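First the structure, in the form of structure tokens, and then the observations on it.
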Amino acid sequence: MIPDLTIVFVKLVEMVAQYRTALLFISCVGLGAGGAWLIASMPFRESLLDTPNERSSHAVPTPRGAGVGILAAFILAGLTLRIPTTFLFAAILISVVSFYGDVVRISVRLRLVLQILSTLIFLFPLLPRLSAHFASSTFGFSPFMFILILTLIFIFIIGTANFYNFMDGIDGIAGLSGAIGFGLLGVYTICRPSTDSLQTALPLLSICVSLACLGYLPFNMPRARVFMGDVAASSWDSSLPAWS
């Protein structure tokens, strides 16, 4: 009996290794859908209700925070693809704080401080890569231009994260933007020659995020039962500059 179980286990491990990417893609779709379903059906979702005001694009109170499934897919894909720890930590930190903000409103100042901290954690390990990429360009290396580009990237990360938070209140737009944007980004970058393991893993991570958004979409359009909330919108844009 025990030898039979050992054979089954070995074959199962071999099958998982052989179809690892396909299983990862399927899992990301399921996690995206599962997070949206959980928020839409949980009995205590009243604490997550996004009540419309004069600046809102929706008219009915709708639960937010359904991006937990997209975050779970991001973490699963990041661990499976061995994405650098600082990359994941920055996204997880800002997402966890943002989910807390979905439940209990936190001050704008505190949110901004944490966004700045997460962005610094994310960008610091990328400085050598960005410097080498900039130095090999046709423009040559210029300290002033390098600092200027870093500043623009810094503003881009924080600005687009908050822009996504605002856009999330329109049925389908944030999910479609994520599915199409990250999907196209993944397809484009997967065709580029890779110089290291990170450049090989990032296109697959991008596709995983796109698939998680597709899993979430049926709960958000044509009529939204849930919104992503800050938890997903804040983590997406902290990862975008790594594809450069």
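Quick one: in the stretch 74-85, of everything that is open to solvent by 30 Å² or more (accessible area, probe 1.4 Å) and over 14 Å from the mean Cα position of the chain (by Cα), which residue is farthest from Gln18 (Cα to Cα)? Quick ask: steps written out before the conclusion?
Initially, the stretch 74-85 is screened for residues open to solvent by 30 Å² or more (accessible area, probe 1.4 Å), giving 75-76, 79-80, 82, 84-85.
With the extra rule that they be over 14 Å from the mean Cα position of the chain (by Cα), the set shrinks to 80, 82, 84-85.
Numbers: Thr80: 14, Arg82: 17, Pro84: 23, Thr85: 25 Å.
Top of the filtered list is Thr85.
Report whether or not Met167 is open to solvent by less than 60 Å² (accessible area, probe 1.4 Å), at pLDDT below 80 and among the hydrophobic types (A, V, I, L, M, F, W, C).
Numbers: open to solvent by less than 60 Å² (accessible area, probe 1.4 Å): yes; at pLDDT below 80: yes; among the hydrophobic types (A, V, I, L, M, F, W, C): yes.
Yes.
Quick check on this structure: which one of Ile116, Ile92 is of a type outside the set (Asp, Glu), open to solvent by 20 Å² or more (accessible area, probe 1.4 Å) and either closer than 25 Å to Phe25 by Cβ or outside any helix (DSSP H, G or I) (or both)? Don't jump to the end; show me each part of the working.
Working: Ile116 fails: either closer than 25 Å to Phe25 by Cβ or outside any helix (DSSP H, G or I) (or both).
Answer to the check: Ile92.
(1) modelled with pLDDT of 80 or more; (2) open to solvent by 40 Å² or more (accessible area, probe 1.4 Å): which one isn't true of Ala59, the others all being true?
The number of the failed condition is (1).
From the list Ile83, Ile70, Ile155, pick out the single residue that is among the β-branched types (Val, Ile, Thr), at pLDDT 75 or above and assigned to a loop (DSSP other than H, G, I, E, B). Explain how you work it out, then say what you get.
Working: Ile70 fails: assigned to a loop (DSSP other than H, G, I, E, B); Ile155 fails: assigned to a loop (DSSP other than H, G, I, E, B).
Sole residue among the options that is among the β-branched types (Val, Ile, Thr), at pLDDT 75 or above and assigned to a loop (DSSP other than H, G, I, E, B): Ile83.
The values are calculated or read from the model by the stated rules, or taken from the named source; none is laboratory data. All values reported here derive from a predicted model rather than from experimental measurement. Backbone-built Cβ (ideal geometry, glycine too); neighbour counts: all protein chains shown. Heavy atoms of the whole protein, side chains included, go into the accessibility calculation; ligands, DNA and RNA do not. Shrake-Rupley method; radii C 1.70, N 1.55, O 1.52, S 1.80 Å.
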